[in-house]
Amino acid sequence: MFTGIIEDLGTVAAIKRSPAGAVLTIRTALPLGRVTLGESIAINGACMTVTGKGRGTFAMDISAESLRRTTLGELHPGDRVNLERCLTLDKLIGGHLVSGHVDGIGRLVSIKPEGDSRLYTFEAPAAQARYLVEKGSVAIDGISLTVFGIRGRRFSVALIPHTLKLTTLGFKRPGDAVNLESDMLVKYVERMLGALPAAMPSNGRKRTAATVKARTAAGAIAAIGDAP
């Protein structure tokens, strides 16, 4: 589990590809003395396992499935990557709960200056676009960001200079691919509502499944909003 707050902007030192996957070596300023083999680190939002360490570097085995489902297969030596170690019980959750399991690959559509900040517009695959919620959260290359301006499959996020400086989004250009992970709370609510049958109220009139789901969703959203 992660928070979407990037800890280091690492550099790809090497990538060795094979038919079964790849071995990715990352150069980092993270305190590797406190990183153990088998530990999870998110690379551009994709949760991977540390399989080796060197002086200022660590290595990870990337499966063929991960190469297919993320942008990790497009990396080359010298590319910068967002790094975040897994969440611990004493760590502040500055973003939102991020699993590190990438849902799909999106594309950066445009960049618009807004003072010192930048307005980035992305396009999500249809399978992920339905999870976009105005003022909700999304992880883009592992960065926790707030969604607004949803139009179909496209949505916008506002990036302050700090985020542009300390993450890979500062290097992105229109047309570039990004890893997307939808807010897991939205996915769980969808799953739970999909399992609900139509209910029969006490007055004998049958409620449709859509009505039950809509009212349950409203209750779930209200409960989340009332949570401390």
request  = Let me know the volume per residue of the alpha-carbon convex hull for the chain, in Å³.
outcome  = 159 Å³
inquiry  = If I fit a long axis through the Cα atoms of helix 209-226 and take the longest principal axis of the Cα atoms of the chain, what angle between them do I get, 0 to 90°, rounded to 10?
reply    = 60 degrees
request  = Can you give me the P(r) profile for segment 8-85? Cα pairs, bins 10 angstrom wide beginning at 0, each as a whole percent.
outcome  = 20, 62, 18, 0
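At 20 °C and 1.002 mPa s, grab the translational diffusion coefficient of segment 56-144 from Stokes-Einstein with a Kirkwood Rh over Cα pairs, rounded to a whole number in µm² per second. Numbers along the way, then the final one.
Details: Rh = 15.7 Å.
The estimated diffusion coefficient comes to 136 µm²/s.
Hey, got a sec? Which trypsin sites (Lys or Arg not before Pro) in segment 122-173 land in a DSSP loop and have at most 14 other Cβ atoms within 10 Å? Could you put the intermediate results ahead of the total?
Numbers: sites: R130, K135, R151, R153, R154, K165, K172; in loops: R130, K135, R153, K172.
Sites meeting the loop and neighbour criteria: R130, K135.
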note = The number of Lys pairs in the chain whose alpha carbons lie under 17 Å apart, excluding pairs fewer than 8 residues apart on one chain, is 5
task = Mind checking segment 59-137 for GluC sites (Glu not before Pro) that DSSP puts in a loop (not H, G, I, E or B) and that have at most 16 other Cβ atoms within 10 Å?
result = E134
task = Beyond 15 Å, what share of the Cα-Cα pairs of segment 104-185 is found? Please give it as a whole percent.
result = 50 percent
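Taken together, the values in this text are just the output of simple stated rules run on the coordinates, not laboratory data. All values reported here derive from a predicted model rather than from experimental measurement. Counting neighbours? That spans all protein chains shown, and the Cβs are built from the backbone with ideal geometry, glycine included.
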